[in-house]
Amino acid sequence: MSEAQAIRTDQTDEVDFVELDTMIDKEFSKDKENLIMILQAIQRRYNYLPKPALTYLSAKIGVPYSKIYEVATFYSTFSLEPRGRNIISICLGTACHVRGAERVRERLHESLNIADGQTTDDGRFTLESVRCIGCCSLGPVMKVNEDMHGRIATDEVEKVLGQYE
Amino acid sequence: MKIQSLEDLKTISQKTRGSIYHPNTIKVNIGMASCGIAAGARASFDKAEAAFSGDDGITICQTGCIGFCEQEPLVEILADGKPRVMYKNITEEKIVDAIEDYRQGLFEKKKWILGQMRKPLGIMEDGTENPVAKVSPHEGIPFLEEIPFYSKQVKIALRNCGYIDPDTIDEYIARGGYSALLKALKKMKAKEIIDEVKASGLRGRGGGGFPTGIKWATCAKHDGERSIICNADEGDPGAYMDRSILEGDPHSVIEGMLIAAVAIGSSHGYIYVRNEYPLAVKRLITAIKQAEGYGLLGDGIAGTDFCFTIKISTGAGAFVCGESTALMASLEGKVGRPRAKYVHTVEKGFRDGPTNLNNVETYANVPPIIIKGGAWYAGMGTEHSKGTKVFSLCGKINNTGLVEVPMGVSLREIVFELGNGVPKKKKFKAVQTGGPSGGCIPEKFLDLPVDYQRLAEVGSIMGSGGMIVMDQDTCMVDVARYFLDFLKEESCGQCNPCREGIKQMLDILTDICAGKGKKGDIELLEELGSMVQRFSLCGLGTAAPNPVLTTILYFRDEYEAHIKDKKCPAGVCKALFHYDIDADACTGCGLCAKKCPQDAIAGKKKEPHQLDQDKCIKCGICYDACKFDAIAIR
C-alpha cells in the first residue's frame with residue numbers, strides 16, 4: 001500500500017510529554033473511554049508502548065496504571081517491548097493455514113532465527129503472527145509493515161525479506 | 001447543501017446517474033478494496049492515471065470489492081452506448097493496453113476479459129429503465145450473469161460493492177441510497193419500521209442469527225439512554241464480507257444504523273471496527289463526514305428534530321471482542337471480557353443503557369427492506385432463514401471470492417458451481433463454516449441447504465459466513481488442533497471451563513499430531529468437549545469444541561490413523577509421515593533438487609532421484625514443485 005505510513009525507528013524511552021499531553025487533550029478529549037485508541041496512537045508514535053508514557057497517561061486521564069497495564073497486555077496489538085524496524089505479520093487465518101502458512105512461518109523462524117513475537121538482534125525485523133487479515137483469496141499472506149505479499153511460496157520468503165532494510 | 005426531502009435526493013441522483021450508467025467519457029472502474037490493492041490494483045490505478053492524465057476521453061475511478069477475488073485486479077470499463085466489460089487480472093503491465101483496446105472497440109484479448117454486464121441497475125432503484133440493456137451486446141464476450149460464479153447470486157447487502165466509488169456519497173444516493181432513511185423518518189412510525197424488519201425475517205448476520213426485528217422491538221421497550229452499535233470486529237478467520245462492505249459501500253451501513261436509531265429512538269451510534277482493517281476505517285471516516293455535510297448525520301437530520309452521531313472505535317486484536325458484552329466493555333475502554341447475560345444488552349448494555357448491537361451485513365440489509373418491504377425480503381430463502389447471505393469462499397477452491405446467494409442454496413452449488421470445485425484435481429474433503437465456532441461438513445452433507453437450522457443439525461453453524469474448503473492435503477486432526485490453538489490464545493481466561501478445558505483438549509490434540517496419541521484420547525476429547533460446551537460463560541467457550549467434535553464425528557478414521565497407526569494420511573503432521581520419491585513417476589527433471597533448501601535430493605538427469613531422509617526437514621517445497629506427482633507421502 002502506497003498510503004502506508006513509514007514505521008518509526010526512533011526507539012528510545014525519550015517520551016515527548018508535551019506532545020503526548022496535547023494529543024490526549026485534543027484528539028481524545030481526555031476521555032477514559034478512548035484508552036484503547038490513545039494506546040494505539042502512542043504505539044504508532046513510538047512503535048511500542050514506553051512505560052513513561054503509560055504512567056503519564058495514567059495520571060492524566062485518571063485510570064490506575066494497573067488497569068492500563070491490563071489493557072495493554074490483554075489486546076494482542078500492543079507491545080511493551082521496543083520492536084524492530086520492520087514488522088512482519090504472518091497470517092495464520094484458516095484459509096492461509098490450509099494453504100500452507102505454517103510452513104512459511106517455519107521458514108521465517110529458520111531464516112531469521114527468532115520465534116513469534118521476537119525481534120532480531122540487529123533490530124531489523126520483528127515477527128508477529130496474526131489471525132486473518134481478510135485477504136483470504138491471496139493466502140498464504142505475509143504482511144511486512146503495510147505491504148501485503150500474497151500467495152507466498154516457502155522458497156520465496158528470503159526474496160521478500162531482502163526488500164527490507 | 002442539507003438534504004431535506006426525497007426531492008433533494010432525486011436531484012442529486014439525476015445529476016450523478018449518468019456517470020454510473022452511461023458516462024460521456026470512457027470510465028474505468030478499478031476494484032480497490034484491500035484484497036484488490038494487495039493483488040496490484042493500486043499500481044494499475046497509478047499507471048492508468050499517469051498514462052491518461054491529459055486525456056479528456058478517459059476517467060479513471062476507484063470502486064469497492066467486485067467479489068471475484070481470484071481474478072483480481074478486476075477492472076470494469078464502460079462508456080455511453082458501449083457494452084460494460086469486466087476485465088480480469090489487469091496488473092499494471094496490462095491496464096493501458098486494456099483501456100486502449102476498449103477505446104478502439106477491440107475485444108480480442110479473450111484471456112483478459114471476464115464478461116460483459118447486462119443488469120447494472122440496483123435493487124433499490126426503478127427497474128423500468130436499464131441503460132445497458134439498450135446497448136447491443138458485443139458478440140463473442142460472455143455475459144457476466146451467465147458465468148456460474150455470478151449466475152446464482154442475488155446482491156442485496158453487496159448491492160453497491162463494485163458499482164460505486166465508496167468515497168462519493170452522491171453515487172450511493174444515485175443508487176437509491178438514503179431514500180430508505182427519509183421514508184423511515186418522514187413517512188413511517190417507529191413501530192411500522194420495526195414491523196417491516198420483523199416481517200422480513202432478517203436474522204443477525206454476525207453468527208448468532210437472532211431475529212433483528214425482535215431485538216429492535218425489545219431494545220425500544222426499555223427506557224434510558226439507548227445506543228446503536230455496529231459490530232465490525234470481524235474476527236473469524238476466513239470471513240471478510242464485513243470488510244468488503246465497509247470498504248465498498250460504507251453508507252449502506254450508516255443508513256442501516258440511522259434507520260435502527262429512528263425505530264428504537266437513539267441519538268448515539270458506535271462502530272467498533274477491527275484495527276487490522278485500516279482502509280475500512282479510512283472510508284468510514286470519509287463517509288461519515290460526507291453524511292454530516294448533507295445533514296444526514298448530526299443535529300436536525302433532514303429538517304426533522306431527529307439527531308444521531310456516529311463514533312468510530314478501533315479494536316486492538318481480540319477475537320473475544322466480537323461477543324456483544326465484551327465488545328461493549330472494550331468500547332468503554334476496558335479489557336474485553338464477556339459477562340453473564342442474565343440481563344440482556346438490549347436492557348443494560350453499553351454504559352448500562354439499552355443497547356442494540358447488529359453486525360455490518362445486518363445493517364446493510366436494512367435499507368432495501370424498508371424500500372421494498374419485509375414481504376419482498378421474506379420471499380427469498382427457506383422457512384426459517386430469509387433473504388440472502390454473503391459467503392467468503394476460500395481455502396482449496398478454484399474461485400475464491402465473495403458471493404451473495406439466497407438462503408436455501410445447497411453447499412454443493414456454492415462449492416462446485418460458484419466456486420468451481422477444488423484446484424489441481426485434488427479430492428474435496430470438507431467445508432468449514434462458522435469459523436472457530438463452527439464445524440467441518442463432509443461431502444455426504446453437501447446437498448444441505450444453507451439455513452441456520454440445517455447447519456446446526458450437522459453440528460456446524462452459519463456463523464458470519466466464512467467458508468473454507470479443504471481437500472485431501474488437509475489433515476482434519478491438524479485443523480481441529482489449529483482452531484483450539486487459536487481459541488486458547490483468544491480465550492479471555494476468566495471462566496475455568498473455557499480457559500482450562502480448551503488447553504487440556506489442545507494438549508491432547510498436540511500429542512496426537514506429534515505421534516504421542518494414546519488409546520482413549522478420542523473419548524476423552526469428546527468428554528471434555530461436552531463439558532466445555534455446557535459450562536462456559538460465553539459463546540466463545542460454548543462453541544469452542546465444535547471443530548473438534550465435528551471432525552471426530554465425520555473423520556474419526558483420521559484420528560485413529562494418527563493414534564493407532566502413527567500415520568498422518570494427509571501429510572501435514574510432520575512426526576507422522578515422510579516424503580519419498582516414487583521412482584516410477586519421477587522423470588528426473590531435477591526441479592525438486594534445485595528447489596530443496598537442504599540439498600536433500602540428488603540424482604542424475606533424466607533418472608529417478610533419491611531423497612536423503614536425514615537431511616529432509618519436510619518443508620514440502622518439493623511436494624509443491626513436482627509436476628509429475630512423484631513426491632509421495634508415506
Here Rg/Rh (Cα, Kirkwood) for the stretch B:178-376 equals 0.93
Using Cα positions and a limit of under 12 Å, work out the aspartates and glutamates in reach of A:Lys60, with same-chain residues fewer than 8 apart set aside. A:Asp21, A:Asp25, A:Asp31
Once the in-chain neighbours fewer than 8 apart are removed, the aspartates and glutamates whose Cα is under 18 Å from B:Lys187 read B:Glu7, B:Asp8, B:Asp195, B:Glu196, B:Glu255, B:Asp305
Average Cα contact separation per residue, chain A, under 8 Å, 6 or more apart, as relative contact order %: 22 percent
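Based on the Cα atoms of the stretch B:39-128, what semi-axes does the equivalent ellipsoid have, where each is the square root of 5 times one gyration tensor eigenvalue, given in whole Å with the largest first?
After diagonalising the Cα gyration tensor, the semi-axes are 21, 16, 14 Å.
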Based on the Cα atoms of the protein assembly as shown, what semi-axes does the equivalent ellipsoid have, where each is the square root of 5 times one gyration tensor eigenvalue, given in whole Å with the largest first? 40, 34, 28
Pairs from B:Lys519/B:Lys615; B:Lys372/B:Lys396; B:Lys427/B:Lys627; B:Lys425/B:Lys574 whose Cα-Cα separation, in the structure shown, is over 26 Å: B:Lys519/B:Lys615; B:Lys372/B:Lys396
Using the Kirkwood formula on the Cα atoms of chain A, what hydrodynamic radius do you get, in angstrom to one decimal? 17.1 Å
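How high is the relative contact order of chain B, given as a whole-number percent (alpha carbon pairs under 8 Å, six or more residues apart)?
Normalised by residue count, the contact order of chain B is 11 percent.
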Tell me, Kirkwood radius of the stretch B:476-563 from alpha-carbon pair distances, in Å? 12.5 Å
D (µm²/s, integer) via Stokes-Einstein for the stretch A:17-74, Kirkwood Rh across alpha-carbon pairs, 4 °C, 1.567 mPa s: value 117 µm²/s
Give me the tail of P(r) for chain B as a percent: Cα-Cα pairs with distance above 45 Å. 24 percent
Relative contact order [Cα under 8 Å, 6+ residues apart], the stretch B:135-221, whole percent: 13 percent
What residues have an amide H closer than 5 Å to that of B:Tyr277, excluding those fewer than 5 places away on the same chain, when H is modeled at 1.01 Å from N in the peptide plane? none
How big is the equivalent ellipsoid of the stretch B:205-267 along its three axes, where each semi-axis is √(5λ) from the Cα gyration tensor, reported in whole Å from largest to smallest? 24, 14, 9
Candidate residues B:Thr362, B:Thr218: accessible-area rank, largest first, probe 1.4 Å: B:Thr218, B:Thr362
The stretch B:1-87, Cα convex hull volume normalised per residue, Å³: 130 Å³
Surface/4 of the Cα convex hull for the stretch B:217-321, nm²: 7.1 nm²
Kindly provide the GluC sites (Glu not before Pro) of the stretch B:383-435 that DSSP labels as loop, not H, G, I, E or B, and whose Cβ sees at most 13 other Cβ atoms within 10 Å. B:Glu383
Which aspartates and glutamates, if any, have their Cα less than 18 Å from the Cα of B:Lys606, not counting same-chain residues under 8 positions apart? B:Asp580, B:Asp582, B:Asp584, B:Asp629
What do you get for trypsin sites (Lys or Arg not before Pro) in the stretch B:93-158 restricted to DSSP loop and a cutoff of at most 14 other Cβ within 10 Å of the site's Cβ? B:Lys109, B:Lys134
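The values are calculated or read from the model by the stated rules, or taken from the named source; none is laboratory data. Just so it is clear, the model here is predicted, and its values are computed rather than measured. With ideal geometry, Cβ positions are generated from the backbone for all residues, glycine too; neighbour counts draw on all protein chains shown. All accessible areas refer to the heavy atoms of the entire protein, side chains included, with ligands and DNA or RNA removed. Shrake-Rupley method; radii C 1.70, N 1.55, O 1.52, S 1.80 Å.
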